[in-house]
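First comes the structure, then the notes that go with it.
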Amino acid sequence: MSHVLASFNRAQRLSQLQQGADNTVWDMIVVGGGITGAGILLTASQAGLKVLLIEQQDFAWGASSKSSKMVHGGLRYLGSGQYNMTKDAVTEREKLLNELPGLVNPLQFLMGHYKYQFPGPLVFNSLLTIYDWIGGKRNHSYINHGIADFHAPGIEQNKLQGATQFADAVTDDARLVMRVLQEAQECGGTAINYLSAEHIILTADAVTGVNVADQVSGQKFNLQAKVVINATGPWTDKLRQQLHAKKAIRPLRGSHLIVPSWRLPLAYSVSYFHPEDKRPIFAFPWENSTVIGTTDLDHDSDLDQQPCISQNEVDYLLTGINKQFPQADITESDVISTYAGIRPVVSNDASNKKQLKKTKPSDEKREHSIWNEQGLISVAGGKLTTFRLIALDVLKVAQHYLPDMNLIDLQAAKLFQTIPDTPVDSILHPQQIQRLKSQYGKHYSHLINNAEHNELRPIGSTNTLLAELKWSLQHEMVVHLDDLLLRRTRIGLLLAAGGEQLFGQLQPLCQTALHWNEGQWQQELSRYQGIIQRYYSLPKHRQLLSTQDVSSANAVAN
Ligand SMILES: Cc1cc2nc3c(=O)[nH]c(=O)nc-3n(C[C@H](O)[C@H](O)[C@H](O)COP(=O)(O)OP(=O)(O)OC[C@H]3O[C@@H](n4cnc5c(N)ncnc54)[C@H](O)[C@@H]3O)c2cc1C
């Protein structure tokens, strides 16, 4: 079990880092524990480097737990001529589907074709022919007007000519980050959460390390490295600007609504154009619920405050969904939760506000960029889907500082080791076992076999088992209750009021695993409820918080 991410290990790991700080020079320190940082930790560890990843909050706390969760080639990027990005993403989608079945799952898409709407079936099907050709298999077909309603019950019929069905994939983004981190640790990498990079350390004009702050104790110390990677997504410019670099990131917010699946039961991810601005948006089935997304807006607020959906975005998404599914009549009262993420989009005009206004957010390219400033290698942009390729590109740049690194076999190699089947309790459906295997890697059988029977039943309408909460508490560096309910599991998004029905059951589990006394449990609970209300609820619920509640929710959430 030595390589399991272990909660009791965080303190141990931190003290090892502190004690060894003066005498240890890491090959590489990766700043940022989203999918980009995790992917770099994994590939660098596979290349034989001694690597440390530090995350200022919780793993996947940024965009990587708040994406639209598609592992896709981005058909829309193909439409806007970003052929290379689409090609890379489709290839990576296939790789992830093969290596992580159960965590990355096929998802069928459907798009209705309406009279006078561009692109019509002909253009759309031509795009899909290229898309499928890149993926190496034909995976789209045309559905006649008469049976489109059978595939997407309640779909707008007025002017409907037919629909096209095509294939992509979907994941649990935060769990994907955890799986990548776990695999990285199996390969010798080290990761720690709640440790932020405060300052870049320069020696004779070259980066030689970072000054870090433990967000739990407040202690600060220096860490040394041959190369430092800045994988901080939307925060990229913050570290770069310490080296006087020009701003490059245009933070773009995307928000989502989650409704129970019975209110809008979908077998497909349904794509449609918003009636107001003709942007492509979608609704898709996820974890036994329906997610409605997404927006694309400049995010001007402080990045250190978690983003949240605005009333305009709620109205926009509701208008869109009710145009596409008029009979469903989805209203705010159907919404279980909301979430918003910040896309770390690279823009040539990021430092020129006037110019920026001329480019629509949705017209900004989504490809990744890499900068090397005095040995601080920064990377931003790209997609969840392409994390492996982004990591390989970063390593190529880092090779300048690490000439002994072995990159040769990484390009074609499998990213995840094959996990042997182990006999497990038969109470679970094979699909559940596959999900757990993909999500927890080789530890899946311990998770199942160490659980009581009643802990192997799904919680409420979710697929999550109580046994997973227990496992995460013991082995996945949970520091706060929100780590457990919003990222290790997605209970907080999927159940009403952040899963309050579970609190009674959770309290003894948390207190035992994390040694919280009654006071700490109460503190964690109110921190969590503040976060849910402020960042994962509808704006009108936020308004119910008194000013005092808001400032205390802010204080605990940051
Ligand atoms: C609304 C939305 C929808 C999306 N949909 C999709 C999709 O469907 N499919 C897809 O492939 N991609 C999608 N993306 C893109 C994808 O989610 C992002 O490109 C990806 O998650 C970015 O990962 P990252 O690790 O670079 O950034 P993040 O996940 O934001 O991680 C950066 C991390 O760095 C940490 N950090 C910052 N500063 C410091 C510091 N000083 N010290 C230590 N740590 C620090 C932050 O806390 C954060 O956790 C979407 C993005 C958004 C926002």
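The values are calculated or read from the model by the stated rules, or taken from the named source; none is laboratory data. Note that the coordinates shown come from a computational prediction; the quantities given were computed from them, not determined experimentally. Cβ placement follows ideal geometry from the backbone for every residue including glycine, while neighbour counts extend to all protein chains displayed.
Can you pull out every residue in the range 150-175 that is in a loop (DSSP other than H, G, I, E, B) and either touching a Cys at 6+ places or on another chain (Cβ under 9 Å) or of a type in the set (A, V, I, L, M) (or both)?
Narrowing the range 150-175 to residues in a loop (DSSP other than H, G, I, E, B): 152-159, 172.
Matches in the range 150-175: ALA152, ILE155.
Can you name the strands (runs of 3 or more DSSP E) wholly within the range 324-416 that have at least 2 residues being buried (at least 23 other Cβ atoms within 10 Å of the Cβ)? Explain how you work it out, then say what you get.
Details: elements: 337-346, 369-373, 376-380.
Answer list for the range 324-416: 337-346, 376-380.
Mind counting the residues in the range 347-404 that are of a type in the set (A, V, I, L, M) and either under 30 Å from ILE281 (Cβ atoms) or within 13 Å of the ligand (Cβ to nearest atom) (or both)? Working first, answer last.
Filtering the range 347-404 for residues of a type in the set (A, V, I, L, M) gives 350, 356, 370, 376-377, 379-380, 384, 389-392, 394-395, 397-398, 402.
After this cut, where a residue has to be either under 30 Å from ILE281 (Cβ atoms) or within 13 Å of the ligand (Cβ to nearest atom) (or both) as well, the list is 350, 356, 370, 376, 379-380, 384, 389-391, 394.
Of the residues in that region, 11 qualify.
Go through (1) in a loop (DSSP other than H, G, I, E, B); (2) surrounded by fewer than 14 Cβ atoms within 10 Å (Cβ to Cβ) and name the single condition GLY146 misses.
Exception for GLY146: condition (1).
Using the structure shown, decide if LEU428 is within 16 Å of the ligand (Cβ to nearest atom), closer than 30 Å to GLY498 by Cα, assigned to a loop (DSSP other than H, G, I, E, B) and aliphatic (A, V, I, L, M).
Details: within 16 Å of the ligand (Cβ to nearest atom): no; closer than 30 Å to GLY498 by Cα: yes; assigned to a loop (DSSP other than H, G, I, E, B): yes; aliphatic (A, V, I, L, M): yes.
Here the answer is no, as LEU428 does not meet what is asked.
Give ASN98, ASN105, ASN139 a once-over and let me know the one that is under 19 Å from ARG175 (Cα atoms), touching a strand residue (DSSP E or B) at 6+ places or on another chain (Cβ under 8 Å) and either among the small types (Gly, Ala, Ser) or surrounded by fewer than 20 Cβ atoms within 10 Å (Cβ to Cβ) (or both). Steps first, answer last, please.
Details: ASN98 fails: touching a strand residue (DSSP E or B) at 6+ places or on another chain (Cβ under 8 Å); ASN139 fails: under 19 Å from ARG175 (Cα atoms).
Result of the check over ASN98, ASN105, ASN139: ASN105.
Under 6 Å by Cβ, and 6 or more places apart or on different chains, what pairs join a residue from the range 466-488 that is in contact (Cβ under 8 Å) with a residue 24 or more places away in the chain with one that is surrounded by 24 or more Cβ atoms within 10 Å (Cβ to Cβ) and aromatic (Phe, Trp, Tyr)?
Sorted first by the residue in the range 466-488, then by its partner, the pairs are LEU481/TYR528; ASP482/TYR528.
Okay, residues lined up against (1) within 14 Å of the ligand (Cβ to nearest atom); (2) under 30 Å from GLN241 (Cβ atoms); (3) out of contact with any strand residue (DSSP E or B) (no Cβ under 7 Å at 6 or more places or on another chain):
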residue	(1), (2), (3)
SER289	no, no, no
GLN306	yes, yes, yes
ILE309	yes, yes, no
ASN322	no, no, yes
GLN327	no, no, yes
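Mind counting the residues in the range 438-495 that are of a type in the set (Asp, Glu), more than 30 Å from ILE54 (Cβ to Cβ) and assigned to a helix (DSSP H, G or I)? Before the answer, list the steps.
Residues of the range 438-495 that are of a type in the set (Asp, Glu), as a first pass: 452, 455, 468, 476, 482-483.
With more than 30 Å from ILE54 (Cβ to Cβ) added as a condition, the list becomes 452, 455.
If we keep only those that are assigned to a helix (DSSP H, G or I) too, we end up with 455.
So the count comes out to 1.
Quick one: which of MET111, MET178 is among the aliphatic types (A, V, I, L, M) and either loosely packed, with under 15 Cβ neighbours inside 10 Å or in a helix (DSSP H, G or I) (or both)? Please lay out each step first, then the result.
Numbers: MET111 fails: either loosely packed, with under 15 Cβ neighbours inside 10 Å or in a helix (DSSP H, G or I) (or both).
Of the residues listed, the single one that is among the aliphatic types (A, V, I, L, M) and either loosely packed, with under 15 Cβ neighbours inside 10 Å or in a helix (DSSP H, G or I) (or both) is MET178.
Filter the strands (runs of 3 or more DSSP E) completely within the range 181-261 down to those with at least 3 residues that are among the polar types (S, T, N, Q) and either within 11 Å of the ligand (Cβ to nearest atom) or over 18 Å from GLN57 (Cβ atoms) (or both). Break it down into steps so the answer makes sense when it comes.
Details: elements: 190-192, 195-203, 206-214, 220-230, 249-260.
Result: 220-230.
Can you name the number of the only condition in (1) surrounded by 17 or more Cβ atoms within 10 Å (Cβ to Cβ); (2) within 30 Å of TYR194 (Cβ to Cβ); (3) not β-branched (Val, Ile, Thr) that GLY74 fails?
(2)
Being buried (at least 18 other Cβ atoms within 10 Å of the Cβ), under 29 Å from ARG435 (Cβ atoms), at pLDDT below 95 and within 13 Å of the ligand (Cβ to nearest atom) narrows it down to one residue among ASP168, ASP172; which is it?
Numbers: ASP172 fails: at pLDDT below 95.
Answer to the selection: ASP168.
How many of the residues making up the range 104-150 are among the acidic types (Asp, Glu) and over 16 Å from GLY74 (Cβ atoms)? Show your work before the answer.
From the range 104-150, those among the acidic types (Asp, Glu) are 132, 149; that's our starting set.
From the residues that got through so far, the ones that are over 16 Å from GLY74 (Cβ atoms) too are 149.
Residues flagged as among the acidic types (Asp, Glu) and over 16 Å from GLY74 (Cβ atoms) within the range 104-150 amount to 1.
Please identify the pairs in which a residue from the range 337-350 that is farther than 23 Å from ASN312 by Cβ has its Cβ atom under 7 Å from the Cβ atom of a residue that is more than 12 Å from the ligand (Cβ to nearest atom) and part of a loop (DSSP other than H, G, I, E, B), counting only partners at least 6 apart or on another chain.
From residues that are farther than 23 Å from ASN312 by Cβ, the pairs are VAL346/ALA248; ASP349/THR359; ALA350/LYS247; ALA350/ALA248.
Conditions first: (1) modelled with pLDDT of 95 or more; (2) of a type in the set (Ser, Thr, Tyr); (3) more than 16 Å from the ligand (Cβ to nearest atom). THR418 passes all but one, so which condition is the exception?
(1)
Would you confirm whether or not the range 269-276 contains a residue that is surrounded by 17 or more Cβ atoms within 10 Å (Cβ to Cβ), aromatic (Phe, Trp, Tyr) and over 15 Å from SER68 (Cβ atoms)? It would help to see each step written out before you state the result.
Going residue by residue through the range 269-276, those that are surrounded by 17 or more Cβ atoms within 10 Å (Cβ to Cβ) are 269-274.
Filter again for aromatic (Phe, Trp, Tyr), leaving 272-273.
Checking the rest, the ones that are also over 15 Å from SER68 (Cβ atoms) come to 273.
Yes, some residue in the range 269-276 is surrounded by 17 or more Cβ atoms within 10 Å (Cβ to Cβ), aromatic (Phe, Trp, Tyr) and over 15 Å from SER68 (Cβ atoms).
Looking at the structure I just gave you, is ASP168 in contact (Cβ under 8 Å) with a residue 40 or more places away in the chain and of a type in the set (Asp, Glu)?
Values: in contact (Cβ under 8 Å) with a residue 40 or more places away in the chain: yes; of a type in the set (Asp, Glu): yes.
It is true that ASP168 is in contact (Cβ under 8 Å) with a residue 40 or more places away in the chain and of a type in the set (Asp, Glu).
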